[in-house]
1. Report, by residue number, each residue of region 161-173 that is open to solvent by less than 20 Å² (accessible area, probe 1.4 Å) and among the aliphatic types (A, V, I, L, M).
2. Out of (1) among the basic types (K, R); (2) at pLDDT below 55; (3) open to solvent by less than 70 Å² (accessible area, probe 1.4 Å), what's the single condition that is false for K35?
3. Would you pick out the residues in region 174-184 that are open to solvent by 30 Å² or more (accessible area, probe 1.4 Å) and within 30 Å of T129 (Cα to Cα)?
4. Could you count how many residues in region 198-215 are surrounded by 14 or more Cβ atoms within 10 Å (Cβ to Cβ) and more than 12 Å from D270 (Cβ to Cβ)?
5. Here's a check for you: in region 47-86, which residue that is under 25 Å from the mean Cα position of the chain (by Cα), surrounded by 15 or more Cβ atoms within 10 Å (Cβ to Cβ) and among the polar types (S, T, N, Q) is nearest to V144 (Cα to Cα)?
6. Test each condition in (1) under 30 Å from Y68 (Cβ atoms); (2) modelled with pLDDT under 95 for Y138 and report the one that comes out false.
7. Among the listed residues I158, I89, identify the single one that is open to solvent by less than 30 Å² (accessible area, probe 1.4 Å), in a strand (DSSP E or B) and without any contact (Cβ under 8 Å) to a residue 60 or more places away in the chain.
8. I'd like to verify a number: residues in region 42-88 that are of a type outside the set (A, V, I, L, M, F, W, C), closer than 16 Å to K160 by Cα and out of contact with any Lys or Arg (no Cβ under 9 Å at 6 or more places or on another chain), how many?
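The values are calculated or read from the model by the stated rules, or taken from the named source; none is laboratory data. Quick caveat, the model's predicted, so the values are computed rather than measured. As a convention, Cβ positions derive from the backbone with ideal geometry for all residues, glycine included, and neighbour counts pool all protein chains shown. Please note that ligands, DNA and RNA were not included when accessible areas were found on the heavy atoms of the full protein model with its side chains. Shrake-Rupley method; radii C 1.70, N 1.55, O 1.52, S 1.80 Å.
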Amino acid sequence: MKYRKLMFGLIIAFCIFAVISAIYEQIELSSQKDKVDTSTILENQKSQETLKREFNALFNNAISLNNYDTSKIQKIDSSKEIVYSAYDIQRNEENKYEVDIHLPVVNINNETASKFNQSTQTIFADKATEVLSNENDYTIVYNVTYTGFVNGDILSLIIKSTLKEGTNAQRTIVQTYNYNLETEKEVTINDAIVAVGADSAKVTDKIKAIINQAIKEANSIQVSGYATFQRDINSDIYKLENVDTFYIGPDSKLYIIFAYGNNDFTSEMDIIDI
């Protein structure tokens, strides 16, 4: 009887060990797969320096329509295109400000376009008014520029500003508007992913890979004694459903921008090309 109990106990122990081993093996295989995927993503990815250089070179205060026929679009001002520069000012006043501002307006007569223009007013135009009324004892440097592209039925408008106030670090703010000219609705990140033929899961994987790499590089720089912008991979801003700064570029690729200067005094950003 004791022998049977011993054998029964050994059989149960062996089964438990087998199950645990199988689970562990699956975890290891999954982990190895993630490592391979991440390595592949980084291997095929342009450097952030290249992406930022290409991004900054886009801004020409004009919209590329790519031969899109806008004649049937109901405009606010029929004499102008669907996006035009409504406010251009270059002015310097000693000990007050240095500004180079080009503010676009979406010249489409509907609620969605109106919302875009209200956002531009709040984020950029109101700040321009504040800068031009500067009564501080330091010079404020403020630049605003824009660009945009039409791909298929999707209009992407990108506005970028740089701001330097007193002893604060320079900050770069990026705002994007994406609009479907056919449906007259705002384009979401999921809409854009579908438009470029990408896969949401792979986009999420790429965001994680690029941000983790940026964290690793920032930590290496910090060890050398230099201050760096701190990212948190667990932040909700990296969740796909929260991504709101993106555009489809002149190469018909999707670009996601994490512009940290939108909320902090920094010009740091990460760009994900899809």
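1. Of everything in region 161-173, just one residue is open to solvent by less than 20 Å² (accessible area, probe 1.4 Å) and among the aliphatic types (A, V, I, L, M), namely L163.
2. Result: K35 fails condition (3) only.
3. Q175
4. 4
5. If we take residues in region 47-86 being under 25 Å from the mean Cα position of the chain (by Cα), surrounded by 15 or more Cβ atoms within 10 Å (Cβ to Cβ) and among the polar types (S, T, N, Q), then N61 is nearest to V144 (Cα to Cα).
6. It is condition (1) that Y138 fails.
7. Working: I158 fails: without any contact (Cβ under 8 Å) to a residue 60 or more places away in the chain.
Unique residue meeting the criteria: I89.
8. 8
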